[in-house]
Structure formats: structure tokens, C-alpha cells
1. When the C-alpha atoms of segment 28-110 are aligned to their principal axes, what extent does each axis show, in angstrom, from largest down?
2. Full extension from residue 46 to residue 16: what is 0.36 nm times the residue separation minus their Cα-Cα distance, to one decimal in nm?
3. Assign unit charges at the C-beta atoms only (+1 for Lys and Arg, -1 for Asp and Glu), then state the dipole size of segment 5-80 relative to its Cα centre in Debye, rounded to the nearest 20.
4. In a solvent-free Debye calculation with one equal scatterer on each Cα, what is log10 I(q)/I(0) for segment 50-97 at q = 0.14, 0.28 Å⁻¹, listed in the order of the q values?
Amino acid sequence: MARDAGMDTPESCAHHLAFLCTDLTDPQLYERALAVHRARRRAIEALLTEAADAGELRAGTDAAALAGTVQAITAGAGLCWAVERRGGLAERLRRELDAVLREYGFTDADGTRPDFAAHWAKSPEEEHGPLGDPL
């Protein structure tokens, strides 16, 4: 995601992908990569559950299923951004997430369309506390 350390240029994205290739082939590194992946999924699900509870998502939204979609969109958007090299990563993530979340009725608690710049102004850690060590 945009707040990942150093994910602000296509070259830094390539660097992260190179390390991911190593993580996927080394059994010890893979366990850590999987733990981080699962921790991110839980954090996304918690944020979506919070949004649903606040009335910011359509009633009956399956936060767990949507979390998988959001995680895939953020990873895929980062890769597409690095290949296409248009605009900034944060802008690309906002656009892609808006397209997905709009289908789930994503609104602010007062029913208005959210100001994504305000929603993304703080990191999840600032907004919700530390995510903790995934292991």
C-alpha cells in the first residue's frame, strides 16, 4: 500500500517484488511473509467491520470477503501503477478502492460520499493504534 516504506517509485516497487520472490521460495522467509499477509488481511477486515458498524457500508456487507477483495485490489493496483508509470501510487490506490467500495455503498456516517483525502490523511496506525507484530 501507499504507506509501505519506500513504495513511492516504480523502482522501489521492483525492489519490493524482488524481495517477495525470495520470500516465496525460502521456507523461513515464506512463513514471515504469510504472517504479514494475514495480519494485513485482519487489519483490513477490522477497518471494514468498523465502517459497516458505523453505517458507512451497505447493511449485510461481508467484511471478511470484502477484505480479500480490498487486499487484492491494493496489491494489484501497486503492480499496475509500477508498470504503467502514470500518476502517484496513493492516487491510484484511492481511485481503485473508490471503484470497489462504491459498490458496497461506502459513505460517511452521515450518508455523504466520503472525502478520500480525509480518510487517507492518517495511517491506520495513527487512526486505530499499532497493528502489532504479525507473528
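1. Here the spans come out as 40, 34, 15 Å, largest first.
2. Gain on stretching residue 46 to residue 16: 8.2 nm.
3. Rounded to the nearest 20 debye, it is 120 debye.
4. -0.43, -0.96
Quick note: the coordinates plus some simple rules give every number you see, no bench work behind them. Predicted, not measured: the structure shown is a model, and the values here were computed from it. Here the Cβ is made from the backbone with ideal geometry for all residues, glycine too, and neighbour counts use every protein chain on show.
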